[in-house]
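Presented below is the structure to which this report refers.
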Amino acid sequence: MSEQLKILTEFYNNNKDNKLILSKEEIKQKMKKWLSTSEYSHYKNEYDKYYDEIIFGLDDGLCFTGKGVGFRENKFTFSEINYSIDIIRVHPVFEYSIKDGSVKLSLLSNLKKREELLINIKTKLLDPIKKIEVERAEYDERQRIIAEQDKEDKRLIHLSHSKSQLINELDKDRNGTIDIIEGDDFNLLIKKHQRKIIELERNDKIQYTKQFIKLSNFINNRKEDIQDLYTSIYKIQDHNSLNEYIKIIKNTIHSYEVLLVNSISMVCFLLEDDLFNFYTIYEKLDKLNIFNSHAETQLLNKLSNIEDKLDAVIYSIDAMNNSIVMELGMLSMDIENSTDILSTHLKEIESSIDINTVVTGIKLFQRI
C-alpha cells in the first residue's frame with residue numbers, strides 16, 4: 001500500500017463516524033436509489049466510470065480516490081487542485097470550490113460541521129499527501145540529477161578515451177607534435193643538393209630554388225594546419241563533433257602525404273634530369289596557386305581573420321584538402337615506379353620516411 005493510500009485510509013477510519021462522510025459501499029447504495037436528491041444518484045453514470053477508484057466520499061458528491069478527487073464527471077489529481085479545497089463562505093450558505101472555481105458547491109445544511117470537516121481534510125489529509133508528493137518530487141529530481149550526472153560522467157569518460165586513442169594514433173611518442181609532420185625532409189633534400197640545383201638554375205635559366213622555397217612554405221603551412229587540428233582535439237565536447245573531426249584530420253594528413261610525396265618526387269625528378277615528370281607535377285601544383293605569393297597571402301589572411309571560429313577554420317582546411325587531392329589526384333605510375341630512386345635520395349638525408357609504406361598508405365586511403 002502506498003503512503004498516499006495509507007493516509008486516505010487512515011483519514012477515513014478516523015472520521016467514518018462523521019455523518020458527512022460516506023464509505024464506498026454507502027456511495028454505491030446512493031447510486032442505486034431512484035428519485036433521490038443525492039449527487040451520486042443524479043450522476044450515477046459519471047461516478048460509475050471511476051467508482052472502483054473511490055476510497056470514500058462526502059455527502060455532497062465530492063469523493064476521494066487514490067490519486068485525487070472526483071465530482072460528477074470531473075476528476076482531478078491532488079496536485080491539480082494544489083492540495084487544497086477553497087472555502088468561499090460559510091454563512092448564510094456554505095460554499096466551496098475545487099481547482100480555481102472550476103467546480104463550485106453550495107450547501108444549506110450543517111454549515112459549521114462542513115467547515116470543520118474541510119479544515120480537517122486540509123490539515124489531516126491534503127497537507128500530509130502534499131508533503132509526501134513534494135518529498136517524492138524532490139527525491140525524483142535528485143535521482144534525475146544523479147542519473148544525468150552519471151550519464152554525463154560516462155559520456156566524458158568515453159569521449160576522453162576516444163580522444164586518447166586518436167592522440168596515441170597520431171602522436172605515438174607523445175611529444176605534442178603529430179608524428180607525420182615532425183620531419184623536414186623536403187628542405188633537407190633541397191639543401192643536400194643545393195649546389196646541383198643552383199647549377200641547373202644557371203644552365204636552364206629557371207629559378208628552381210625560389211619555386212622550391214614557395215613550395216616549402218606551403219608544406220609548412222599544411223603542417224601548421226595539421227598541428228592546429230591536433231591541438232584543437234582537446235576543445236571538442238561531444239562524440240559527433242569528434243567523429244567529424246577525425247575524418248577531417250585524416251583527410252588533412254592524407255592530402256599532406258599526397259603533397260609531400262609529389263613535392264619530394266618533383267625534386268628527385270629534377271635531380272635525375274627527368275624534366276617531363278618534373279613539369280607534370282609542377283603544373284599540378286601551380287594550379288593550386290602554390291607558386292603565386294599573392295594567392296598564398298590571401299589564403300593565410302583568410303584563415304587568420306577567422307580567429308577563434310573553429311568550425312570555419314576546420315572547413316577552410318578541409319576545402320584545401322579537397323583542392324590538393326583533386327589537383328594532384330591519384331599518384332602517377334611514374335612516382336610509383338620511381339620509389340627506389342626516391343628511397344635512395346631520402347636515405348641520403350637520413351629520412352625516417354619509408355616511401356613504399358607511404359605510397360601504399362595513400363593508395364589504400366584513396367580506395368576508401
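Extension gain for D228-E26 works out to 64.7 nm (0.36 nm per residue, less the C-alpha to C-alpha distance). Placing dummy labels 7 Å off each Cα toward the beta-carbon, the span from E141 to L364 is 5.5 nm.
Axis angle, to the nearest 10 degrees, between helix 239-271 and the longest C-alpha principal axis of the chain: 0 degrees. Applying 0.36 nm per residue to the separation of K130 and S84 and subtracting their alpha-carbon distance, the gain on full extension is 15.6 nm. Among I121, I213, I249, the largest mean-square fluctuation in a Gaussian network model of the chain, built with springs joining Cα atoms closer than 10 Å, belongs to I121. For the stretch 3-141, the direction-averaged projected area of the alpha-carbon convex hull comes to 8.4 nm².
Partner lysines whose Cα lies under 17 Å from the Cα of K163, excluding those fewer than 8 positions away in the same chain, are identified as K154, K172, K235, K247, K250.
When each of the peptides 237-245, 40-48 is scored by how many other beta carbons lie within 10 Å of its residues on average, the order from highest to lowest is 40-48, 237-245.
Pairs over the 21 Å Cα-Cα cut-off, from the set K24/K67; K19/K130; K32/K99: K19/K130; K32/K99. Each of S162, L346, V90 was placed along the dipole of the chain (beta-carbon charges, centred on the mean Cα), and the one lying farthest toward the positive end is V90. Where the centroid of each part is defined by its Cα atoms, how far is the stretch 30-51 from the stretch 88-162 in Å? Centre-to-centre distance over Cα atoms comes out at 29 Å. The calculated FRET efficiency for N14 paired with Q149, based on their beta-carbon distance and R0 = 35 Å, is about 0.25. Considering only alpha-carbon pairs that sit under 8 angstrom and 6 or more positions apart, the relative contact order computed for the chain is 10 percent.
Model label points for K6 and K205, set 7 angstrom from Cα along the Cα-to-Cβ axis, are 10.6 nm apart.
Computed over the chain, the convex hull of the alpha-carbon atoms projects to a mean area of 30.6 nm².
Between I246, I98, I290, the Gaussian network model of the chain with springs among Cα atoms under 10 angstrom shows the greatest mean-square fluctuation at I98. Helical content of the chain, expressed as a calculated mean residue ellipticity at 222 nm, amounts to -20500 deg cm²/dmol (DSSP H runs of 4 or more residues, -39,500 (n - 2.57) each, divided by residue number, nearest 500). Computed from point charges on the beta carbon alone (+1 for Lys and Arg, -1 for Asp and Glu), the dipole magnitude for the chain about its Cα centre is near 2060 Debye. With a Förster radius of 30 Å applied to the beta-carbon distance between D286 and N240, the computed FRET efficiency rounds to 0.20. Packing around the peptides 87-93, 160-166, 57-63, taken as the average count of other Cβ atoms within 10 Å per residue, puts them in this order, highest first: 57-63, 160-166, 87-93. Compared with the dominant principal axis of the Cα atoms in the chain, helix 111-121 is inclined by about 30°. Considering only Cα-Cα distances, which of the following residue pairs are longer than 23 Å: K44/K75; K28/K112; K75/K104? Violating the 23 Å Cα-Cα cut-off are K28/K112.
Within a straight-line Cα-Cα reach of under 13 Å, K16 can be paired with the following aspartates and glutamates, leaving aside sequence neighbours fewer than 8 residues apart in one chain: E25, E26, D59.
Here the simple spin-label model places points 7 Å from the Cα toward Cβ, and for R195 and D354 these points are separated by 3.4 nm. A full extension of the chain between N168 and L117 corresponds to an added length of 11.0 nm, given 0.36 nm per residue minus the alpha carbon distance.
Bear in mind these aren't lab numbers, they're just calculated from the coordinates by the rules spelled out. None of the values given here were measured: they were computed from a predicted structure. Cβ coordinates were reconstructed from backbone atoms using ideal geometry, including for glycine residues, and neighbour counts include every protein chain displayed.
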